[in-house]
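Rule-based calculations on the coordinates, nothing more; no lab input. Everything numeric in this text was worked out from a predicted model, so none of it was measured.
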Amino acid sequence: MLLHSSNLIQLVMMLMNFRTFSSFQWSLLVFVVVLVILHFLPENLRSVLEYNRAQPEQIWRALTGHLLHSNHWHLVMNLGALLLMLMLHQLYYSVKSFAFLLLAGCIGISLLLFLFSPDIHIYVGLSGWLHCFITVGALLDIKHKIQSGWLILLGVIAKVTYEQWQGPDAELAALIDANVAIDAHLYGVICGLLLGFVFVISAKPLENQAQR
């Protein structure tokens, strides 16, 4: 928990002073700006970027679909979740490792959607990948003997299990003006468990890690 508190303090200080940004933090800022720009694209452009199981040959959709959002609330909620997760786990990542996790996680989720969720024809949103991101972070917490990692991991597993049993949240669906793709959340956790082992195996001692 002390590590998480120090991460929060560092992030707040970073937001107060752009000159303290590392290359990783600048990359995150660019990533957020890209998400906002994509959200305001004309509908005819957005339609060629969203995940669409009827267009499997357009493989870029496996990535870009996760970067679009159904409405402003959807975008704001996911950006807020991303910020909270970075407060906990940003010290674990470099530009390259974050990019790898984003690319591999999004493509993995899209592949599982295509193979096992034929009822999902169109999908947009970062929430599936955010489940992947928090799962990897929890595994890295456990690797570094941060006990709250177990709580985070069990919590996210319990969440997706409850969603599969109870079904999507109708109020949330109304807020984001789209069906909640709970399968994407489940697949995000599955991809996070698989990718997390890669990160855990290759993780360096925390005190030797640097943001690059």
Per the chain, sqrt(5λ) over the Cα gyration tensor eigenvalues, sorted largest first, in Å, gives 28, 20, 16
Nearest 10, in degrees from 0 to 90: the angle of helix 127-143 to the longest Cα principal axis of the chain is 30
In deg cm²/dmol, rounded to the nearest 500, the helical mean residue ellipticity at 222 nm of the chain, built from -39500 (n - 2.57) for every DSSP H run of length 4 or more, is -22000 deg cm²/dmol
In degrees, nearest 10, the alpha-carbon axis of helix 182-202 is tilted away from the dominant principal axis of the alpha carbons of the chain by 30
Cα-based Rg then Dmax for the stretch 96-212, in Å, read 15.1, 46
Residue by residue through the stretch 112-120, the couplings from Karplus 6.51 cos²θ - 1.76 cosθ + 1.60 with θ = phi - 60°, in Hz, x for Gly and Pro, are 5, 4, 5, 7, 10, 10, x, 7, 8
